[in-house]
1. So what J values fall out for the stretch 32-41 if you push phi through Karplus, 6.51 cos²θ - 1.76 cosθ + 1.60 with θ = phi - 60°, rounded to Hz, Gly and Pro as x?
2. Could you order the peptides 47-57, 338-348 from most to least packed, using the average number of other C-beta atoms within 10 Å per residue?
3. Near the amide H of Ala196, under 5 Å away, which other amide H atoms are found, from residues 5 or more places off or on another chain, if H is placed in the peptide plane?
4. Can you work out ³J(HN,Hα) from phi for every residue in the stretch 263-278, in order, using Karplus 6.51 cos²θ - 1.76 cosθ + 1.60 and θ = phi - 60°, giving whole Hz and x for Gly and Pro?
5. What ranking, highest mean first, results for peptides 259-265, 117-123 when packing means the other Cβ atoms within 10 Å averaged over each residue?
6. Going by Cα centres, the stretch 248-264 and the stretch 105-154 are how many Å apart?
7. Please compute the Kirkwood hydrodynamic radius of the stretch 152-308 from all pairs of different C-alpha atoms, in Å with one decimal.
8. Amide H of Asn323 versus every other amide H placed in the peptide plane: which residues, excluding those fewer than 5 positions away on the same chain, fall under 5 Å?
Amino acid sequence: MTMDCRSDDGNPSPRPMESLHRLIFADAARMGELEKKSIDLVVTSPPYPMIEMWDDLFCAADGEIKTALKQSDADSAFKKMHGLLDKVWKELRRVVKPGGIVCINIGDATRTIAGRFRLFANHARIISAFGALGFDQLPAIIWRKTTNAPNKFMGSGMLPPSAYVTLEHEYVLIFRLGANRSFDTEEGKQARRQSAFFWEERNAWFSDVWFNLIGATQKLRNGNTRDRSGAYPFELPYRLINMFSLKGDTVLDPFLGTGTTMLAAMCAGRHSVGYEIDPEFQPVILEKVAGLPDIAHETVERRLKAHADFIRERSKNGGEIKNHNTFYNWPVITRQESELRLERVRQLQFIGNDRFRVTYGDKDAPKAEAVQPPIEENPPARGGRSISKGRQLELF
Ligand SMILES: C[S@@+](CC[C@H](N)C(=O)[O-])C[C@H]1O[C@@H](n2cnc3c(N)ncnc32)[C@H](O)[C@@H]1O
C-alpha cells in the first residue's frame, strides 16, 4: 500500500495515487484490528479529564469516577479518568512503529470541588504516562486560544489574592518511540522529498506557539450526540500530519470524534484509521468526510498562494532566492523544497460507510468529486466488531 508518485523514468507522474481510510466504532483501549508496529503517526485529542463536558463519558466507563465526583474526591476522580486514557496510551505503544510519532492535543482543567478552586494538569499527567511507556518527549507546542468571553477571568475580580490566571492555551504534546526513522531506499528518500513543506511554512509550523488557528464549529447538528463535539480546527491535524509523516504513511486517531484527523490525512495523501467509541458520530463523520473535495482544493490553493505571495514579497525586499521547485517550476528558498508537491484530490469513494478511498491527480487535475453511499439508517452498535477476537482484520 504505497503511494506511487513517480513514473518509470523517475519524473513526477500523472498516474493516479490513492490513500485508504478506515473508521472503527470501538473502544480504543483494544485496537485489535491494528497489527503491532503498523502506525507511523498518531494525531489525537482525548476527552479532557476534569472538564465537565466529559464527566458523563468518564462516569459511564467507570462507575467509581461517578462516586468519586459525588464525594468531592477530586484526586481520585482525576486519577481514575487518566487511568482510562492510560489504557489507550498503552495500546499506542503496541501499534506505533519504531521511530513513529504521537501528537496529543490536551488542555488542563480548572474546577472548584468542595469549595476549593484548583488546576488539574492533564498535560503533565500525560507526559509522565508516555515517559513510563518508553516514549521520548520532543518539544511541545502551545496552542494559544485567546478568548473574549466575559467570564474568562476567574476568582475574586480586582481584589487580591484570589483571582486566577486565565487558561487561554492548550498543548500539543509530541512523543517519539525510539530512534529517528531512517530512509535508506531510493523510494523512501523520494517520498520524503515529495512530502517536504515550504521554508516559510517550516518557520511558522515549527514555532512552539501557534496562534490564530481557524476554529472548529463546536455545535453538532446531530441531536443524538453531545451538545459540543470538542473538535479541533482542521489546520491543527493538517499541520501535524505534514510535519511528522510522509505521503503514504498511516495516521491513527484513537479518539476520532467528528473525523477531523481523517479529513486532514485525506488532504495530505496519508492513509488513516480512526477509532470512535460513540457510534452516534457516524453521520457527523460521514458529513465531514464528504466535504473533502472542497477543503482539499481550498487547502492546496491557499498554500500555493501563500507561497507565491511570500516569494513576491521576498524578491521585492531584495531577499535571496536561490532554488527552484521542478514540479511547479517555481522559486523556493532551499534545495529541500525542490521536489515538494501538494496532492490534488481527484475522487473520494465511499466503500460502505466505514472505508474510504481517495484518489489523487496531478497539478492540472479537475476539481474533485465525491462518490457517496446512502447513510445507514441504523448506526453500528457501540463497540461492535465484525470479527472474532484475536483475529486480525485486513485493515483496509
Ligand atoms: C475531544 S473529542 C475528539 C475530537 C476530534 N479531535 C475532532 O476534531 O472531532 C474525544 C472523542 O473521543 C471519543 N472517545 C472517548 N473515549 C474513547 C475510547 N476509549 N475509544 C474511542 N473513542 C473514545 C469521544 O466519544 C469523543 O468523540
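Every read-out reported here was derived from the displayed coordinates using simple, explicitly stated rules and does not represent laboratory data. Note that the structure is a prediction, hence the values are computed from the model and not measured. All Cβ positions, even for glycine, are placed from backbone atoms using ideal geometry, and neighbour counts span all protein chains on display.
1. x, 6, 9, 6, 5, 6, 10, 10, 8, 8
2. Going by the mean number of other Cβ atoms within 10 Å, highest first, we get 338-348, 47-57.
3. Placed amide hydrogens put Arg341 under 5 Å from Ala196.
4. 4, 5, 5, 4, 5, 8, x, 10, 6, 8, 9, x, 9, 9, 6, 9
5. By packing density, highest mean first, the sequence is 259-265, 117-123.
6. Each part reduced to its Cα centre gives a spacing of 22 Å.
7. This gives a value of 18.1 Å.
8. HN-HN under 5 Å from Asn323: Val332.
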